[in-house]
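**Student:** Take this structure, written in structure tokens, and hold onto it; I'll ask about it next.
Laboratory data are not the source of any read-out in this text; all were calculated from the coordinates shown. Quantities reported herein were computed from a predicted structural model and do not represent experimental measurements. Using ideal geometry, Cβ is built from the backbone for each residue, glycine included, and neighbour counts are taken over all protein chains shown.
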Amino acid sequence: MELRKINDRVFYYPHQPETDRPMLAYIKGDKFSLAIDAGNSAYHVDEFYKALEAQKLKKPDFTVITHWHWDHTFGMHRISGLSIAHNKTNEFLGKEKTKIFDKAYLDFLKNDDKCFGKEYKNNKKVVIVQADIRFQESLSLNLGRMTAKIFHAESPHSDDTVLIYIPEEKILFLGDATSEDFFNDGFMDKEKLRALINLIEKTDCKFCILSHTEPLTKTDLLYYLKSI
């Protein structure tokens, strides 16, 4: 798997459906670099970093988490630099960190989620950590001629949803924000979806990046979302 290039400053490592590995993104500033999401295991992070090294890109200084679900956070212990997450994300991860020591719970996860079972087969160790930096509403990072505007947003997928907007490149990263709530029997909250659609419409972006598909134009994503 190779790192893919959106432009000279924005890259992504494609999603891998067989083990539910989400896309991992990389923003190259003049001073700092930022990764988006921490992958679903140490092995995922290692692959990502090898792909960065192949393109002569340094490891990220910061990694921001879009939401607490395992496929976006269970590689956090392996990342380089500091991690950033919403307060609620850290709360959810704190609860999971306690529960994961229960073998019955771990076995349940492996049996309930085939992708989790594949990623953590052969008794591979699950390690859960909380983020180094947490915020409540929004956070802005000056990466050096690149700005990362990180903010909490209403979403049908998860209460701790975080979006990342790069104004210089007109790119909006949405994680899994547009998806249904898998922890509530796949419920799609149409009111929350409408609020998210309104936010996307108001955002001056050309591309919208979701975690489990290829990059989309803003027009294409809105067309899809309005058909749901």
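**Student:** Give me the distance between the Cα centres of region 15-90 and region 193-220, rounded to whole Å.
**Tutor:** Their Cα centres are 21 Å away from one another.
**Student:** What order, most packed first, do the peptides 84-96, 128-140 have when packing is the mean number of other Cβ atoms within 10 Å of each residue?
**Tutor:** 84-96, 128-140
**Student:** I need to check one value: relative contact order of the chain, counting alpha carbon pairs closer than 8 Å and at least 6 residues apart, in percent.
**Tutor:** It rounds to 16 percent for the chain.
**Student:** A further question on this structure: Where both residues lie in the chain, what percent of DSSP beta bridges are antiparallel, nearest 5?
**Tutor:** 65 percent
**Student:** Structure shown: which of LYS99/LYS170; LYS110/LYS192; LYS121/LYS192; LYS28/LYS202 lie over 32 Å apart, alpha-carbon to alpha-carbon?
**Tutor:** Beyond 32 Å: LYS99/LYS170; LYS121/LYS192.
**Student:** Next up: Take THR217 and ASP107, extend 7 Å from each Cα along the Cα→Cβ direction, and tell me the distance between the two endpoints in nm.
**Tutor:** The answer from the label model is 5.3 nm.
**Student:** Taking 8 Å as the Cα distance limit and 6 or more residues as the minimum spacing, I'd like the relative contact order of region 37-110 as a percentage.
**Tutor:** 33 percent
**Student:** Also, quick follow-up: If you stretched the chain out fully between GLU91 and MET1, how much longer would it get, using 0.36 nm times the residue separation minus the C-alpha to C-alpha distance?
**Tutor:** Taking 0.36 nm per residue and subtracting the Cα distance, the gain is 29.1 nm.
**Student:** Measure off 7 Å from each Cα along the Cα-to-Cβ vector at GLU154 and LYS125, then give the distance between these two points in nanometres to one decimal.
**Tutor:** Output for this residue pair reads 4.3 nm.
**Student:** Sticking with this one: When the helices in the chain are scored as -39500 (n - 2.57) per DSSP H run of 4 or longer and the sum is shared across all residues, what 222 nm value do you end up with, to the nearest 500 deg cm²/dmol?
**Tutor:** My calculation for the chain gives -8500 deg cm²/dmol from helical runs alone.
**Student:** Take the eigenvalues of the Cα gyration tensor for region 53-181, scale each by 5, and report the square roots as semi-axes in whole Å, largest first.
**Tutor:** The equivalent ellipsoid of region 53-181 has semi-axes of 27, 18, 14 Å.
**Student:** Continuing with the same structure: Rounded to two decimal places and with Rh computed the Kirkwood way over Cα pairs, what is Rg over Rh for the chain?
**Tutor:** 0.94
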